1. Starting from the Cα gyration tensor of the chain, take the square roots of the eigenvalues, sort them a ≥ b ≥ c, and report rounded, prolate or oblate (rounded when a/c is under 1.5, otherwise prolate if a/b is larger than b/c, else oblate).
2. Suppose a student asked you for the relative contact order of the chain, using Cα pairs under 8 Å spaced at least 6 residues apart; what percent would you report?
3. What FRET efficiency, computed as 1/(1 + (r/R0)^6) with R0 = 30 Å and r the Cβ-Cβ distance, is obtained for Gln425 and Ile79, rounded to the nearest 0.05?
4. Run the quick spin-label model on Glu61 and Ser270: label points 7 Å from Cα toward the beta carbon, then report their separation in nm to one decimal.
5. For the chain, what does the helix formula give at 222 nm: sum of -39500 (n - 2.57) over DSSP H segments with n ≥ 4, over the residue count, nearest 500 deg cm²/dmol?
6. Using 0.36 nm per residue of separation minus the Cα-Cα distance, give me the extension gain between Asp277 and Asp326 in nm, one decimal.
7. Please report the antiparallel percentage of the DSSP beta bridges confined to the chain, to the nearest 5.
8. Through the Karplus equation 6.51 cos²θ - 1.76 cosθ + 1.60, θ set to phi - 60°, convert the phi angles of the range 329-340 into ³J(HN,Hα) values in whole Hz; use x for Gly and Pro.
Amino acid sequence: MGGRIVRLSATLAVLVGFPLTGWAATGGSSAARVRNPIKHVVILFQENHSFDNVLGKLCVEDARCDGTTTGLLSDGSTIPLPPQPDVVPQAVHDVASQTKAIDGGKMDKFDKTAGCSAKSGYTCFDQVDPSQIPDLAALARAFAISDHTFEDGPMPSWGSHLDLVTTSLDGFDGNGPTANQQGASGQGCDSGLDTLWQASPTDTPILVPACVPKPDGSGAYRPTPVPWVPTLMDRLTAAGKSWLLYGALRGTSSYGWSICPVFADCVYSSQDENLVDRGQVLTDAAAGTLPNVSIVIPTEPNSQHNFWSMQQGDNWIGSVVSAIMDGPDWGSTAIFITYDDCGCFYDHVAPPLGLGVRVPMVIVSPYARAGYTDSRPASFASLLSFIEHRFGKVKPLSSVDANAYDYANSFDYGQTPLRPIPLAQHPISPAEQEYLREHPAPPDST
C-alpha cells in the first residue's frame, strides 16, 4: 500500500500520503463514503503566518504535533525562536523570498530574506506563545490540528486568494499588483491595476490586468491574454449549493482580499451579490442561516497581518467560532481556521514538491476528533476536496483538488458530537491601541 503522486500544476507534483485504514470510523478516504451530517463548511482565511510561528510552541508544550522552538540559520547553526510581540513584525514574503527561504527543502535561508538578518534581530524567526492567542490555542487543543497543511505554492496573499478558489494561478506570478500601483480600490478586475503573467513557464513575464476574464475574454479593463478558469463559486452555483464570501465591500479597506473582484465572472455578474460584509457571518451564524460554504476574510485590524495585533485577530477568530458554536448550525458545521501564507515566518518542515511553506490549520466541528493531530500531507486544495466530497455534486476544478487529501482522518462522524467550548474576548492594552493608531500599517497586498 504505497503513496500516490498527484499533479499540483502543469509542472509540479506532490506526494500526498498513505492509504487510509478504518475508514468507517474516521470518515474514510472520502468524506462522502459515510453518513455525513455536515451541511455547512466555514473557512476562516487569516493572514500571513507559518505553522511554527503560530502553533509550533503549543506542539512542543503539548508533545502532540510537529513543532519546534528553534530555527535553522543558513550557516547551519540554530537559534531559539524568540517571543513575537503582539504587533506582528514585518517579514518579506513575496514569491522570491519564500522560494529562497525554502531552499529546495532545506528550510535554511529564512535569514537570507530581506529584513530577517542578524542585523534586524532575525524578526522572521519570532514565535507566538499560546497565551497570546488564547482562543485559537483552546480550539487547537480541544479539536483537531493538521500539522502538514502547506500553501499550494510559495506565494503571498494575492496569489493564495486566487488559488484557493481555482487550484491555479492561471499564469499569474502570484505577487499581485506592484506596490507603485497602490491607491486603486481593490486589486482585481475593477481596480485598473496590472500584475505579471506568463503564457508558459518559459515565456517572458508581461504586465496584464489583475483579472481573470469571463469565458469570452471580457471583463478586464483592457484586452488581456489571460484565459478564463472556473472557480469554486462557479462549481457551487452549478451544483445548487449556497455560498457566501464574507469580506470587504467595494471601496473599503482590504477589498483586495475579497476574492470575487479578481474574477470578472464574479464581480460583473449576479455572483457579486454573494460578497457580503464580513460582519454578517456573526448574524448569520446566530440566526442559523449559514450557507453551505462560507469563506470568511477579516478586516486588516483583525487579520493578524504584519503590523497588526495577534490578540485582536484572535478575538475575531473567537467571535466567529463562538457565534457558530452558540448558534443553530453548530451541529452540522465544519470550521477550518488557516492562514493564507507564511508571512513569511520560519517553519522547519520541508514542503512536498511544488508546495509552499507550512501554515496553521485548526479544524473545529462536533465531529472533529478531539485533540487529534492529522499529519497526512494537505494543502489549500484539501479544503476544496472536503467540500466536493461532502456535497457530492460539486465538480472538482482540476486534478489537483480531485486528488487532494480531504482531511478525512480529522473527522469521526460516528462519535458523540463534541460540545462547544467557552471562548473569551481579551482586551488590547490602551498603550498598544494608541501605538496602532499612531503607526498605521502601510498599504500591503501581500
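Here, each number is a calculation from the coordinates, and none is a lab measurement. Quantities reported herein were computed from a predicted structural model and do not represent experimental measurements. Cβ coordinates were reconstructed from backbone atoms using ideal geometry, including for glycine residues, and neighbour counts include every protein chain displayed.
1. Rounded is the answer for the chain, as its axis ratio a/c remains below 1.5.
2. 28
3. Efficiency, rounded to the nearest 0.05: 0.30.
4. About 5.0 nm, to one decimal.
5. -6500 deg cm²/dmol
6. Full-extension gain reported as 15.6 nm.
7. Just about 45 percent of them are antiparallel.
8. Listing the rounded values in order: 8, 3, x, 9, 10, 10, 10, 10, 9, 8, 10, 6 Hz.
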